[in-house]
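Trainee: Structure incoming, see below.
The values are calculated or read from the model by the stated rules, or taken from the named source; none is laboratory data. Everything numeric in this text was worked out from a predicted model, so none of it was measured. Cβ coordinates were reconstructed from backbone atoms using ideal geometry, including for glycine residues, and neighbour counts include every protein chain displayed. The protein model used for the area step is the full one, side chains on, heavy atoms only, and it has no ligands, DNA or RNA in it. Shrake-Rupley method; radii C 1.70, N 1.55, O 1.52, S 1.80 Å.
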Amino acid sequence: MDFVKWATSPWGQSVPIHIAWFLIWVAVIAGLLFLLVHAIYVRYFAKVKEFAGNVSPAVAARIPEQVPRHSLTARIFHWIMAASMFTLLFTAFLPRVGVQFPWVTYHWIAGAVLTVSIIFHIIHASFFMDFWAIWPDRIDLRDAWRRTLRSAGRAEPPPDKFAKYPLENKLYHGAIIAAGLSTIVTGVFMMFRVRTVFFPRNPYLFSDMTWGMMYVLHGLAGVGLIALIMMHVYFGLRPEKRGITKSMIFGWMSRDFYLEEHDPARWPVEASASPSRSQGARTEGLTDAG
Ligand code: HEM
């Protein structure tokens with residue numbers, strides 16, 4: 001079983017040309033298995049979540065009914081990225097499983113939209129948002145260890161409530177960065193192999209071997225994204241995560257959801273004008289988390 005398809009170059013050299021397409025099905029089945037095992041675990045085996053420390057009534061009283069979570073800019077970015085990501089996945093993989101159409105043009109256009117939106121996101125997250133909010137911190141790592149020991153039956157203290165993002169979301173974001181940047185960097189070079197509006201076609205930019213490896217990396221990261229996106233959509237639809245999903249549509253999460261899962265000390269309520277200006281007055285005096 002070969003994970004890569006090989007061909008012979010005009011100079012007689014054996015070169016990779018792309019991934020073996022059965023890997024698409026491996027990714028789909030791996031994604032489905034993950035969803036199934038997770039759903040069974042949550043339904044039949046998972047214990048009720050327990051967190052350390054209760055929020056004092058004085059702090060709880062200062063939390064508004066609607067806690068701002070995603071600015072309008074961040075939400076627009078998310079949904080543009082989602083649309084381009086789905087377009088890329090369908091245009092890339094439908095033709096490989098028998099649905100034929102002129103996919104390349106739609107694919108590179110969606111690729112260009114994704115590339116521009118990611119460049120925008122990096123600038124926005126670095127200079128206008130709390131850059132460190134999405135990276136694991138020491139409390140996350142300590143609590144991951146505690147949660148593991150507790151699930152093995154050891155008497156460890158319960159974990160703290162989450163900051164803005166639970167550790168799982170931070171790790172997922174890391175995986176998306178790795179797969180997403182791999183497709184983007186290789187994809188931008190691969191645009192030299194086809195006709196686009198950006199630069200003249202130049203299939204001689206790299207050697208056959210380098211092109212081949214680039215196509216393989218693009219394909220591997222691409223099939224990885226099939227499984228990652230399936231997991232993302234699944235979690236977004238799960239009933240216990242709906243508070244988070246709704247916040248990506250409306251910009252805020254409910255006070256109850258916030259107090260149940262999040263620690264106001266680790267994620268202070270933003271005194272933001274968006275999504276609802278009226279809250280600005282009510283959250284006066286609370287920290288602006290950027
Ligand atoms: C979700 C992300 C993406 C997935 C799943 C994906 C997947 C794929 C796959 C499977 C192919 C066929 C490659 C082959 O035959 O070996 C392909 C081709 C291509 N991709 Fe992507 N891609 C993604 C993102 C991008 C991005 C961001 C760009 C541009 C910036 C891009 C540009 C291209 C181009 C130009 C080709 C055509 C190459 C050719 O036919 O010679 N892709 N992509």
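Trainee: With (1) part of a helix (DSSP H, G or I); (2) at pLDDT 95 or above as the list, and LYS241 as the residue in question, which single condition is left unmet?
Mentor: The one condition LYS241 does not meet is (2).
Trainee: Examine region 80-102 for a residue that is more than 16 Å from the ligand (Cβ to nearest atom) and out of contact with any Asp or Glu (no Cβ under 7 Å at 6 or more places or on another chain), and state whether such a residue exists.
Mentor: Looking for residues that are more than 16 Å from the ligand (Cβ to nearest atom) and out of contact with any Asp or Glu (no Cβ under 7 Å at 6 or more places or on another chain), one finds none in region 80-102, hence no.
Trainee: Also, quick follow-up: Go through (1) small (Gly, Ala, Ser); (2) away from the ligand (no atom under 16 Å from the Cβ); (3) under 26 Å from ALA112 (Cβ atoms) for ALA227 and report which single condition fails.
Mentor: Of the numbered conditions (1) small (Gly, Ala, Ser); (2) away from the ligand (no atom under 16 Å from the Cβ); (3) under 26 Å from ALA112 (Cβ atoms), the odd one out for ALA227 is (2).
Listed here are the residues, each with its yes/no results for (1) more than 16 Å from the ligand (Cβ to nearest atom); (2) of a type outside the set (A, V, I, L, M); (3) surrounded by 16 or more Cβ atoms within 10 Å (Cβ to Cβ).
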residue	(1), (2), (3)
GLY219	no, yes, yes
VAL223	no, no, yes
VAL233	no, no, no
GLY236	yes, yes, no
ARG242	yes, yes, no
ILE249	yes, no, no
TRP252	yes, yes, yes
GLU261	yes, yes, yes
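Trainee: Could you run through region 37-49 and say how many residues are open to solvent by 60 Å² or more (accessible area, probe 1.4 Å) and either assigned to a loop (DSSP other than H, G, I, E, B) or not aliphatic (A, V, I, L, M) (or both)?
Mentor: Looking only at that region, the number is 7.
Trainee: May I pose another question? Scanning region 103-131 for residues that are exposed (fewer than 12 other Cβ atoms within 10 Å of the Cβ) and more than 16 Å from the ligand (Cβ to nearest atom), which turns out farthest from ILE229 (Cα to Cα)?
Mentor: My answer is PHE127.
Trainee: With respect to the numbered conditions (1) over 21 Å from VAL233 (Cβ atoms); (2) open to solvent by less than 80 Å² (accessible area, probe 1.4 Å); (3) among the small types (Gly, Ala, Ser), which one is the sole condition not fulfilled by ALA175?
Mentor: For ALA175, the exception is condition (1).
Trainee: Sticking with this structure for a sec: Name the single residue that is nearest to the chain's Cα centre (by Cα) among those in region 1-43 being at pLDDT below 95 and within 16 Å of the ligand (Cβ to nearest atom).
Mentor: ASP2
Trainee: When region 215-227 is examined, which residues are found to be touching a Gly at 6+ places or on another chain (Cβ under 8 Å) and aliphatic (A, V, I, L, M)?
Mentor: Scanning region 215-227 gives ALA221, LEU225, ILE226, ALA227.
Trainee: I would also like to ask the following. Name, by its number, the condition in (1) within 12 Å of the ligand (Cβ to nearest atom); (2) more than 18 Å from the chain's Cα centre (by Cα); (3) among the hydrophobic types (A, V, I, L, M, F, W, C) that does not hold for LEU181.
Mentor: So LEU181 meets the others, but not (2).
Trainee: Could you list all residues from region 50-78 that are surrounded by 12 or more Cβ atoms within 10 Å (Cβ to Cβ) and either within 16 Å of the ligand (Cβ to nearest atom) or of a type in the set (S, T, N, Q) (or both)?
Mentor: GLN66, SER71, THR73, PHE77, HIS78
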